[in-house]
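Trainee: Mind having a look at this structure? Questions to follow.
Each value in this text was obtained by applying a stated rule to the coordinates, not by laboratory testing. Note that this is a predicted model, so its numbers are computed, not measured. Here the Cβ positions follow ideal geometry from the backbone for every residue, glycine too, while neighbour counts run over all protein chains shown.
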Amino acid sequence: MTEEGMLSILRRGTTYQVRYASSNPHDLDRQPYQCSDQVALVALLHQCGLESWSSERAIAELRHGRVAVLPIVLSEAQRQTYFPLPQVPCAAARAAAAAPSQAQGSAYAKGQAHNPTLACHERLQVRGSLIPSAGNLTKKHRVVSNGRD
């Protein structure tokens, strides 16, 4: 299955960082791909099916210190190979679940029961408190529009 998205390329010294952003707003952020030099970057762009003219334009933009942004269509295999989904958030959530009394502000410290069906992003610990998700927003987390609650 193919998916449309955008590649953004940023030059960092002699290396290049390539990021993929899906056109699907519900898709998760993916890990960037690091290219050691310009030859590796051109090879990646060619393997992703980008035409040589587009590659040349991207390299020209990067030489001037700008970010190159390119529309692209990638297969699932290409996305998984070059831009895999990060594994850290769920691992952090499992670690947080294993140590329930880490922080006073956490849901565990407040006596709420552990629910293994919660999504990983709902259990992530940030500075000792849960990241609010759509299901557990309180009044202080809600966006205030036009100065009213």
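Trainee: Which order do the peptides 60-67, 1-8 take when ranked by the mean count of other beta-carbon atoms within 10 Å per residue, highest first? Numbers along the way, then the final one.
Mentor: Numbers: 60-67: 12.0, 1-8: 14.4.
The most tightly packed comes first, giving 1-8, 60-67.
Trainee: Further question: What distance in nm lies between label points placed 7 Å from Cα along the C-beta direction at residue 57 and residue 12?
Mentor: Rounded to a tenth, the inter-label distance reads 2.6 nm.
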